[in-house]
Amino acid sequence: MGVTASLSVAATVQQTKPLDLTTASDPLAFRRAVQLVDGTTAGKADRVFHDRRTLAASASEDLDLAGALTDAFGQTLTFVRVKGLFIAAAAANTNNVVIGNATSNAWAALLGATGTVTLRPGACLGVMTGPADATAYAVTASTGDVLKVANSAGGTGVTYDVVIVGTSA
């Protein structure tokens, strides 16, 4: 089983301002991307997890990056390094999706042990490493491998999509 991945974040923005005889324009095309091939060193990945998940009102869950998630083929995944993380809150959510601050064994490589990111309805988060980055975002089994995802409030559930790309070594 091999993995190839194209990870990217992009923003295309066009600003204009009418002037006396013309319209000034400020176009911006910002894109960062990385191509990963099968393997475990820099510029490579061999593990992928993706899912659409729903949390009940006020609920949370711990995504154990080392030994609890399964891939599309039913294989248990143990991430040692994360090369890309993408999380998107459903636009139809009423509550926010909060990422981070696991009670124990927090995966601290990205947000620290207690940091969080709040995704409002329809918002998304995308993080990736560069092609030459052999370290990436390290996962430490049993002590630093839990990514907490929480529903910010009561009343309604939330749905979110998650994609994690990384390595087994």
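Exactly one residue out of Val139, Val97, Val163, Val146 is surrounded by 14 or more Cβ atoms within 10 Å (Cβ to Cβ), at pLDDT 95 or above and out of contact with any Asp or Glu (no Cβ under 9 Å at 6 or more places or on another chain): that is Val97. Among the residues of region 128-157, those identified as outside any loop (DSSP other than H, G, I, E, B) and under 22 Å from Ser8 (Cα atoms) are Met128, Tyr137, Ala138, Leu147. Restricting region 9-27 to residues that are among the hydrophobic types (A, V, I, L, M, F, W, C) and surrounded by 10 or more Cβ atoms within 10 Å (Cβ to Cβ) leaves a set whose member that is farthest from Val163 (Cα to Cα) is Ala10.
For first residues located in region 117-129 and in contact (Cβ under 8 Å) with a residue 60 or more places away in the chain, partners that are surrounded by fewer than 15 Cβ atoms within 10 Å (Cβ to Cβ) and not in a strand (DSSP E or B) and lie 6+ apart or on another chain with Cβ distances below 9 Å form the pairs Thr129/Thr135. Here is a check on your reading of the model: is Gly115 at pLDDT 95 or above, under 13 Å from Asn93 (Cα atoms), in contact with a strand residue (DSSP E or B) (Cβ under 8 Å, 6 or more places away or on another chain) and not aromatic (Phe, Trp, Tyr)? For Gly115, the condition - at pLDDT 95 or above, under 13 Å from Asn93 (Cα atoms), in contact with a strand residue (DSSP E or B) (Cβ under 8 Å, 6 or more places away or on another chain) and not aromatic (Phe, Trp, Tyr) - is not met.
Could you go through region 105-127 and let me know if any residue there is under 28 Å from Gly43 (Cα atoms), within 15 Å of the chain's Cα centre (by Cα) and among the hydroxyl-bearing types (Ser, Thr, Tyr). Within region 105-127 (the criterion being under 28 Å from Gly43 (Cα atoms), within 15 Å of the chain's Cα centre (by Cα) and among the hydroxyl-bearing types (Ser, Thr, Tyr)), the answer is yes, since at least one residue qualifies. Scanning region 12-36 for residues that are under 18 Å from Val127 (Cα atoms) and in contact with a Lys or Arg (Cβ under 7 Å, 6 or more places away or on another chain) yields one hit, Leu36. Of everything listed in (1) aliphatic (A, V, I, L, M); (2) surrounded by fewer than 14 Cβ atoms within 10 Å (Cβ to Cβ); (3) more than 21 Å from Leu36 (Cα to Cα); (4) touching a strand residue (DSSP E or B) at 6+ places or on another chain (Cβ under 9 Å), the single unmet condition for Leu63 is (2).
When Ala88, Ala134, Ala102, Ala106 are checked against the criterion of being surrounded by fewer than 17 Cβ atoms within 10 Å (Cβ to Cβ) and either touching a residue at least 12 places away in the same chain (Cβ under 8 Å) or touching a strand residue (DSSP E or B) at 6+ places or on another chain (Cβ under 9 Å) (or both), Ala134 stands alone in meeting it.
The values are calculated or read from the model by the stated rules, or taken from the named source; none is laboratory data. Predicted model, so just to flag it, every value in this text is computed and none were measured. Every residue, glycine as well, gets a Cβ built from its backbone with ideal geometry; the counts of neighbours run over all protein chains shown.
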